[in-house]
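Chemist: Quick one: structure below, then a few questions.
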Amino acid sequence: MKYTLLLVFVFLTSSRLPETSVYICGSTGAKKYHLKETCRGLSSCRSETVKISLKKAQGYGLTLCGWED
């Protein structure tokens, strides 16, 4: 029983997925996030491209770029 609980604990603590990163145009008017830094939707970005977490991008109210579907 102790061995089973130990295995479950190890599995749960080691199975966390790495945080997904996305790209946004660094301007304050960004409305979309992009899965790839080379996304066609970022071609018109006049400022720098910024890498942030998916969770943070969604927290800002950004949605997935239509070119990424």
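Every read-out reported here was derived from the displayed coordinates using simple, explicitly stated rules and does not represent laboratory data. The model shown is predicted, which means the values in this text are computed figures rather than measured ones. All Cβ positions, glycine included, derive from the backbone under ideal geometry; neighbour counts span all protein chains shown.
Chemist: For labels at K36 and Y60 in the simple 7 Å Cα→Cβ model, what's the distance in nm?
Modeler: With each label point 7 Å from Cα toward Cβ, the separation is 2.1 nm.
Chemist: At 37 °C and a viscosity of 0.692 mPa s, what translational diffusion coefficient does Stokes-Einstein give for the stretch 19-68, taking Rh as the Kirkwood radius over Cα pairs? Give it in µm²/s as a whole number.
Modeler: Calculated translational D: 312 µm²/s.
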